[in-house]
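The values are calculated or read from the model by the stated rules, or taken from the named source; none is laboratory data. Since the structure is predicted, the reported quantities are computational estimates derived from the model, not experimental observations. Please note that ligands, DNA and RNA were not included when accessible areas were found on the heavy atoms of the full protein model with its side chains. Shrake-Rupley method; radii C 1.70, N 1.55, O 1.52, S 1.80 Å.
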Amino acid sequence: MCSSDLDSYHEVDCAGMPLYICDCVNDFDFLFSLNKILFGVGFLALTIAVAAGLLYAEKLISPIKETVGFTKKIARGNYNIFFKSKSDASEIQELQAAVSAMAKSLDEQEKREKKLTRDVAHELRTPLANISSYLEAMAEGALEASETIHVYANLRKRAFWAKRQPKWWR
C-alpha cells in the first residue's frame, strides 16, 4: 500500500488490517435514498401481486358461485339450468358438467314419476269405475237376480286375480 492509501484509513482491526471510515456524508445519503427506493419498489410489487391475486381469485370463484346458485335452484325443483360462464380450470368445467347432468337426470326422473302416477291413476280409475257402476246398479235393483249373481261372481274373480298379481305388477 502506498502512503496516500494509508491516509484514508484511520483505524485498524484486530488482525492489523486498516479499516476505512467514510468521511463522506453523501454515501449515507445515497444508501438512505437507495433504501427508500427499494422499499417503494417492494411495496409497489406487493400491491400489484395482491391485486393480481384478487383478480385471479375472482375469476376462479365466480364460476363456483354460479354453480352454487344453480344447485340451490335444483334443490327448489328448477332443473332447467344453463351455465353462462366457462372456466379455464378443468376441474370447474367438470363440476359444471356434473351439475348439468344431475339436473337433466333429475328432470327426466321427475317426468317419469309424473307419467307413472298418471298411468297408475288411470289404470285404477277404470276398474273402480266399472265396479262402482255395477254396485250402484245392484243397489238400485236395476239388475235382475241372475245378472246380479253373475256380476258378483265376475267382480269376485277380478278381485281374486288382482290379489294374485306379482308385487311388481300391483
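Using a Cα-Cα cut-off of under 22 Å, which lysines could be cross-linked to LYS157, ignoring same-chain neighbours fewer than 8 residues away?
Once the sequence-local lysines are set aside, what remains near LYS157 is LYS167.
Using a 1.4 Å probe over the heavy atoms of the protein chains, calculate the carbon and sulfur portion of the accessible area of the range 29-100 as a whole percent.
Looking at the range 29-100 in its full context, I get 70 percent from C and S.
Can you divide the C-alpha Rg of the range 29-82 by 2.2 N^0.38 Å and report the result to two decimal places?
Here the answer is 2.21, to two decimals.
Checking the cross-link filter: which lysines have an alpha carbon closer than 28 Å to that of LYS84, excluding same-chain neighbours under 8 positions apart?
Within the straight-line limit of under 28 Å, LYS84 reaches these lysines: LYS59, LYS65, LYS72, LYS73, LYS104, LYS111.
Just to verify a number: what accessible area does THR47 come out at with the full protein assembly present, 1.4 Å probe, Å² rounded to tens?
Around 70 Å² of this residue is reachable by solvent.
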